Each structure stands twice: as C-alpha cells, then as structure tokens.
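A.B. asks: Sharing a structure, written as structure tokens. Questions coming.
The values are calculated or read from the model by the stated rules, or taken from the named source; none is laboratory data. Small disclaimer: the values here were computed from a predicted structure and weren't measured. When we count neighbours, we look across all protein chains shown, and the Cβ atoms used for this are built from the backbone with ideal geometry, even at glycine.
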Amino acid sequence: MADENTINQAPGTGAQPLLSVQNLTASADGTTILRGVDLAVGAGETHVVMGPNGAGKSTLGHVVMGDAAYDVEEGSVVFDGRDVTDLSPDKRSRAGLFLSFQAPVEIPGVPVSSFLRAAAAGRAGVGDLKGKQFRKRVRELADELDMDPAYLDRELGVGFSGGEKKKLEMLQLLLLEPKLAILDETDSGLDVDALGVVSRGIDAYRRAADGALVIITHNTRILEHLHVDRVHVMVRGRMVAEGDASLVARIDEHGFEQFEQAAPDAAPGERAEETPVAAAC
Amino acid sequence: MATTPAAPASAAPTITLHHVNAMPAPTWHRLRVNETDVELPADLRAEPDVQVEAPQALLGEPGAFEAALKRMEEHLESTGELPPAAVRPRGGAAGEPSASSGAAAGQADGGARSDDAAKGPEEDPALDLPALSAFQAASAAVEASGSLERAFETGMGPEAFAYLREAAGEPVVIATAPGQQGARAAVRVRGVDGAASAAAVDVVAAEGSEVSVSIALDSPEPGAGAVGCSLRVFAGRDARVSIASTQTLDPAWIALDDAGLMLDERARVDVRHTVLGAGRSCTGLAGDLRGEEAKAAVDTRYLGTGERALDFNYELRHHGPKTESAMNANGVLAGASSKTLRGTIDFVRGCKGANGQEVETVLIADERADNRTVPVILCGEDDVAGNHGATIGHVRSEQLLYLASRGLSPEAAEQLFLRATLEEAALTAPDDATRAGVARLGRALLDDFEEEIA
C-alpha cells in the first residue's frame, strides 16, 4: 500500500494542511474511543474515511466538530492554521468547518427558513443577503437539489423522510460554503435517486467553493463520480491504513477484514464506538 | 363584580379577579394549577381605546347575541333536545349550584365556580340521586336547567368577564345576514396608560353565513395598565366563524383575553390565539358545541420571554352528536418565563360520535423557564373519542450541537426560537396593524427583526 502513514502533511503540496488532526485521543464517559488518530487534509482535497462498524469514524467527525459529549485527552485539531481543540462547535463552524450529520435532528417550532437565516447570519457573502434576496438564494439551491420548496416552511426535520433530511444537509453545505465539510454517512439509507442528488450537491460544493471534503462512508457508490485524493482506514479507533483512490477498489473487493486482522487490539476497557454518544443517548 | 381589594402595606393598592381561568373540574389542587388570580392596580380607570373596522351593514345591535341564544333554545325545545321551559327547574332552586356556567350570558352574577361548586350535593334535597362530585353536581344542574343562557360560559370565568364587560362598556356587535359570505371585521384594542382598555365584542353569525374577525391587543405607546377583550361568538346553523386574536403588549401591560363560543348545527368556529407579549397574560376560551356536527378548532401560538407569565384555559364542551373539537398549542418558553395551559374536553351525555383532541408542543429554551400543561378529558358519554398529547422538552444536547455546528451559540439558538415564533406571527398576521405590533415586539427582542421579514 503506497504512502501508508504519511499523513501529517497535505500530499503533493508540501503546504500546511487545512485540517491537521494530530495524535488525537478522545473518550466518552471514561471510555477511550479514538486513539492517537492523525489526519491531514489540504485545501480543496477530498479524503475518504472508511472502516468497519464501530471503528470510531463518526466519533472522529464529531470530535473534529467539537462535540462536547467527548473528552479530548490528548492531541490537537488545527484548522486553517489555528488550534481549535478547545473551541466550541459554533466557533469552529464560523471558522469554516461543517459537519453533515448521519442522523440530522428534528427541532419542532423552528421553520427551516428561519434556521437557515440564523445559520447564515454574520457570514461573508450569504450573510449579507437580506429578506427576499436570501429567500431567492435558498430557493435556487432547493431547485438544484430537487427539493420541494414547501419544506423550507416546515419545522426543521419534522416529518422529513431520510432522503429529505440529507438533501437539507446538502442545501446547508451549498448555502454556507464551508472551507471543509465532513460528511458523516450522508449516503446511508438513500435510494438511487436521492444518492444522485447528494452526489450532485457534493459536486456543486466543490465547484462553487473549492472546499475540502472528508467523506465518512461504508458505501463506495457515492465515491464513483468523485475525484478522491486520499483514503484512510480506521479500525478500533486507530488509523491503520492510508492510500490513494485505489484503496477504495481494494476495500470494495476484499472488505475490511485484512485491516482488522492487522490492527492492534484495543486495550482492556477500551472500545471504538461508531455511534456518537449524543445520538445514542 | 366581585373583586377583592388586596393591598399589601407597602405596595400600591390592587384589586383581585378571583377564579380566573378556572378548570371546570378542579382536580389538581396539589399542583396549584386549577385556576389563577389576577391582581390589577386598584386605580385603573376604564378607558377603552378601541378601533373597529367593519362595513356598517355588519354592525348589529346590542342584544343580538342574547336573542340568538334564545332562538336556538326555542328551536332545541321544539325538537325535544331541550326540555320545555315550563318544566325546567328554576335557576337557583334549592340545592342547585349556580355554577360558573351562565354568568357570561346572564352577566355578572359574580358566582365563582369553585365557591359555588363547593356547596356540593350535600345541600341538594334530591337525596335519591347518586353521589356526585362538586363539578358533576354543578354541571348536572346546568344541564337540567335546559337554559343556553345559563350554560354559556367564557374561558376566564365570571369575574374576569364582568370586569372586562364593565371596562368596555357598550359591546361591538358584528352580525351577519343569513347566507352572507366573506364578511370581515377587525377590532383593535390599544393600551391606555393607567387605564383598563377593553373591548366587548359579540359576533353573531346567521345561518349559512361566513365571517372572519381579527382582534389585536396592542400597546403602541409606552405605559402600563390592562388591555383586554371579552368576546362572545354565536355561530348559527352551517355558519363559519374565524377568529384571529393577536396579543402584542409590551411587558408593562396585563392582557386579559376572554372568549365564549356557542355553536349550532354544523357550525364551524376556528380560533387562533397568538400570544406574544404582556408581563402577565391571561387567555381563556370556552366553547359549547351544542348543535349536531358542530366543529371548533383552537390553534394557540405563544412566546414567553423575560419574566412573563402566561396563563391559558380552554374548555370545549360537546353536547351535540358527532361534534368535533381540536386544540393545538405550540409555544416557546425562554428566559425565566412561566406558562400554565389547561385544556379540557368535556363529552356531555348525549354527544354520541363526538371526537375531541388536544395537543401541545412546548419548547423550553432556558433552564429557568417554567411550564405547566394540564390536559383533561371528561367523559359522560361512551360513544366518543378523545385524545390528548403533549411534547414538552428542554432543548436537547444533540439539538444544541446541531445548531452549534451551523454556527449558532447557545444564545443565538435561543434567539432563533424567539425569532421563529415572531416571524411566523408576522407572516400570518391578519392585517398590517397587527403585523406592526408583532414587528414592534420583535424589534425589542431581536436585532434586524423587521428587515428579515421584509
């Protein structure tokens, strides 16, 4: 496997990576989940994090976003040249980080349109759009994603199908145009049509914002139309392999067993947890 | 009016309205939610500032409401649905609790339901009757009287009704002609500093007619006092009545919004209460679904901020067969606000095939906020369907994380909940004046509020 463990620098550029996760060890309720994880993503790159269930992939996304359900015991998260390890999620978002949730929440009483306006407020570009201009922009994005505009007047996530929830995640991605987006199982549970819409959304984001992507997935189908720069494999809370896009085909053919056999076992009392703690409660 | 002076030594003198928003069947003594008292400055003068926008032809004469009740009563007598007047027990007969019912129509007998009901069945000479609770006895007495005037009630109860009617003076009467469609009227009550500014409104929708009435309780000028409305609605056979009441008072004001409905056969009444402001806000509504297949729906939206106290009481009483009722409340409580909402669906014997449901969703955006939701279903008929449900919750950690991941701090998240409620109220406001009131409140609470809804 080429380039294995060469992960502290954006490959090929020699430049400072946009996102640099170094030796990240994190736990929840006293149980260690991530163990010494390293990850470096350059500006505009697309990275894929794969691994079997329970590897800690979603936890990595949540810890990078600053989910307070996890304790960072060791290591750091540096984003855009700034150590954000102790920063709250809202400040990380404002700095240009984005996490698309595996299971987006429902918030009764809050219309989607009001939520989007609050999310955009104060951001350069979209935050400057007022009233009708903002609504027009949102409707354009909804059209682009084949999303019924009626959803914009509904309460956030309430009564949305799984596909509509993921479309709304994509709409936010396109609206906010973050510097780096972590897509946590965005493709899970989607039918072929919805998967196509999500893929289009990712393409549109790359075109419009030239943003970096960290795609957490089990499913290689969403990667078919994407240029993937690096692939990382997580097992039991550790990054155990890294390579170029050819690694995806290898995983597709042979699964994760080879990586699981090669990975060190968890120490007693340690575990890797796929489902974020907050969502599991 | 049976108000009681209540003046602590060091405070300004006040009067108290007792038994306001009292539940018809008070069973929650331990939680102290059965009813509330409202203290008002004793020196409030009655000075209504009421604007009415309606075609002249839509304005009726005082007494139209009572006349409509009388006609309906006579019709029900003729069909055997009410006993003939000659054989009815006289009101106030020995042992008969006067109950809360009827105070609003007969006006100001001042009887508070709790006191009257407390007389109980032990004073009833009809000892061969099975033992009844105080509520059951009072209710049975009203039913036996066969009087719609006695049965009619408003949600806030007799004392508040009497206070508001006295403060308001001559009622505004909105009366449609049979079959009239598209009738619209707007009543705007504005706060007057140092005064009780109230409107008394009677809506009488004739058979087959349709009317929409918007009511705004607003305080465009600074000051303090009470602002209220006493509303009575008679919906005749096949009539449709739509009421939109919006309260946008600043925190220095007290809001008193009282309503009572009487529905004839196949009548439909839709009420929307939007309660956004006032330091103390009381909203009450009682509806009598008397005619077969009558329908009443109440949709309540509220917002609690700062230290505001909101109090609601809804009672929908099914008399007619196949009647339908729905209460839907949706609110946000922020800051150190508090809210009590009582919702009672009462299936009276004989309302076979009736269906009633009540649902409340409360989002509590601040740990200091206090919410009390009291759904009650009373059932005196077996062939009915009644449902209630409530979703009450603090904002969960995963919801806050989601909002934070989109750049919203906890403070911004709380503002979002307020903004969402206010924006919806502004966008659904029935007229520009009401919308202006919402915008004024919104500007006081949020930056750029008006700009965002433009």
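A.B. asks: I want to confirm something. Restricting to the stretch B:279-320 and keeping residues that are polar (S, T, N, Q) and assigned to a strand (DSSP E or B), which single residue is farthest from B:Arg266 (Cα to Cα)?
C.D. replies: Per the stated criteria, the residue is B:Ser281.
A.B. asks: Filter the stretch B:314-355 down to residues that are in contact with a Leu (Cβ under 7 Å, 6 or more places away or on another chain) and among the β-branched types (Val, Ile, Thr) and give me whichever is surrounded by the fewest Cβ atoms within 10 Å (Cβ to Cβ).
C.D. replies: B:Thr344
A.B. asks: Moving on. I'd like the residue in the stretch A:54-94 that is surrounded by fewer than 17 Cβ atoms within 10 Å (Cβ to Cβ) and within 13 Å of chain B (Cβ to nearest Cβ) and, out of all such residues, is farthest from A:Ala118 (Cα to Cα).
C.D. replies: The selected residue is A:Ala68.
A.B. asks: Scan the stretch A:209-225 and give yes if some residue there is among the acidic types (Asp, Glu), crowded, with 17+ Cβ neighbours inside 10 Å and more than 29 Å from A:Val105 (Cβ to Cβ), otherwise no.
C.D. replies: No, the stretch A:209-225 has no match at all.
A.B. asks: So A:Leu195 ticks every box in (1) closer than 18 Å to B:Ala412 by Cβ; (2) under 23 Å from the mean Cα position of the chain (by Cα); (3) assigned to a helix (DSSP H, G or I) but one. Which box is left unticked?
C.D. replies: Of everything listed in (1) closer than 18 Å to B:Ala412 by Cβ; (2) under 23 Å from the mean Cα position of the chain (by Cα); (3) assigned to a helix (DSSP H, G or I), A:Leu195 misses just condition (1).
A.B. asks: Could you list, in sequence order, the residues of the stretch B:395-415 that are out of contact with any Lys or Arg (no Cβ under 9 Å at 6 or more places or on another chain), assigned to a helix (DSSP H, G or I) and either at the interface with chain A (Cβ under 7 Å from one of its Cβ atoms) or in contact (Cβ under 8 Å) with a residue 24 or more places away in the chain (or both)?
C.D. replies: Of everything in the stretch B:395-415, those that are out of contact with any Lys or Arg (no Cβ under 9 Å at 6 or more places or on another chain), assigned to a helix (DSSP H, G or I) and either at the interface with chain A (Cβ under 7 Å from one of its Cβ atoms) or in contact (Cβ under 8 Å) with a residue 24 or more places away in the chain (or both) turn out to be B:Ser397, B:Glu398, B:Gln399, B:Leu401, B:Tyr402, B:Ala412, B:Ala413, B:Glu414, B:Gln415.
A.B. asks: Output the number of the condition that B:Leu400 fails; it satisfies all remaining conditions of (1) farther than 30 Å from A:Ala95 by Cβ; (2) hydrophobic (A, V, I, L, M, F, W, C); (3) crowded, with 20+ Cβ neighbours inside 10 Å.
C.D. replies: Only one criterion is unmet by B:Leu400, namely (1).
A.B. asks: Which of (1) surrounded by 20 or more Cβ atoms within 10 Å (Cβ to Cβ); (2) within 14 Å of another protein chain (Cβ to nearest Cβ) does A:Arg154 not meet, given it meets every other one?
C.D. replies: Here A:Arg154 meets the rest and fails (1).
A.B. asks: While we're looking at this one, here's another question. Tell me which residues, restricted to the stretch A:98-123, are more than 8 Å from every other protein chain (Cβ to nearest Cβ), among the hydrophobic types (A, V, I, L, M, F, W, C) and either touching a residue at least 60 places away in the same chain (Cβ under 8 Å) or closer than 23 Å to B:Ile392 by Cβ (or both).
C.D. replies: Answer for the stretch A:98-123, where residues must be more than 8 Å from every other protein chain (Cβ to nearest Cβ), among the hydrophobic types (A, V, I, L, M, F, W, C) and either touching a residue at least 60 places away in the same chain (Cβ under 8 Å) or closer than 23 Å to B:Ile392 by Cβ (or both): A:Ala103, A:Val112.
A.B. asks: Another one. Quick check on my filter: what residues within the stretch B:382-397 are of a type in the set (D, E, K, R) and crowded, with 17+ Cβ neighbours inside 10 Å?
C.D. replies: none
A.B. asks: Condition first: modelled with pLDDT under 90, more than 30 Å from B:Asp288 (Cβ to Cβ) and away from chain A (no Cβ under 14 Å). Can you find one or more residues in the stretch B:367-384 that meet it?
C.D. replies: Yes, the stretch B:367-384 contains a residue that is modelled with pLDDT under 90, more than 30 Å from B:Asp288 (Cβ to Cβ) and away from chain A (no Cβ under 14 Å).
A.B. asks: Could you list, in sequence order, all residues of the stretch A:127-151 that are away from every other protein chain (no Cβ under 11 Å) and within 23 Å of the chain's Cα centre (by Cα)?
C.D. replies: A:Val138, A:Leu141, A:Ala142, A:Glu144, A:Leu145, A:Asp146, A:Met147, listed by residue number.
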